[in-house]
Amino acid sequence: MALLSENEINEGLSSLEGWRQEGNQIFKQFKFKNFVESMGFVTKVAILAERVDHHPDILIEYSKVTITLSTHGEGGLTQKDFNLANEIQKAS
């Protein structure tokens, strides 16, 4: 899958609430009431990621979960990252 241009990345970010770019990745921190809700969300993300064989980095901090996406095999951001970010956004 081809790397996205800066214009394509900016366009993709404009349709995702709260996601930001840092280098060759996009990320968002999600906030929940407690650890159990955080883990429930992480489980949903794991199922989505497995379904499309594209796995994010996930940082769990009690009631906060940070999801980071990048297509490591391509060395940057591809449409796969934005497709999964969209699905994760819907699941939150």
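Coordinate-derived values only; no laboratory data. In this text, all values refer to a predicted model and were calculated from it rather than measured experimentally.
Here are the numbers for the structure shown:
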{"item": "Given [x] 48, 33, 16; [y] 48, 35, 25; [z] 38, 24, 20, the label whose value is Cα extents along the principal axes in Å derived from this model", "result": "[z]"}
{"item": "Span-like helix ranges in the chain, DSSP H, alpha carbon extent 15 angstrom or more, Kyte mean at least 0.5", "result": "35-52"}
{"item": "Computed helical MRE - 222 nm, the chain, DSSP H runs ≥ 4 contributing -39500 (n - 2.57), nearest 500", "result": "-14000 deg cm²/dmol"}
{"item": "Residue-span extension gain [residue 2 to residue 63] - 0.36 nm each, minus C-alpha spacing", "result": "18.5 nm"}
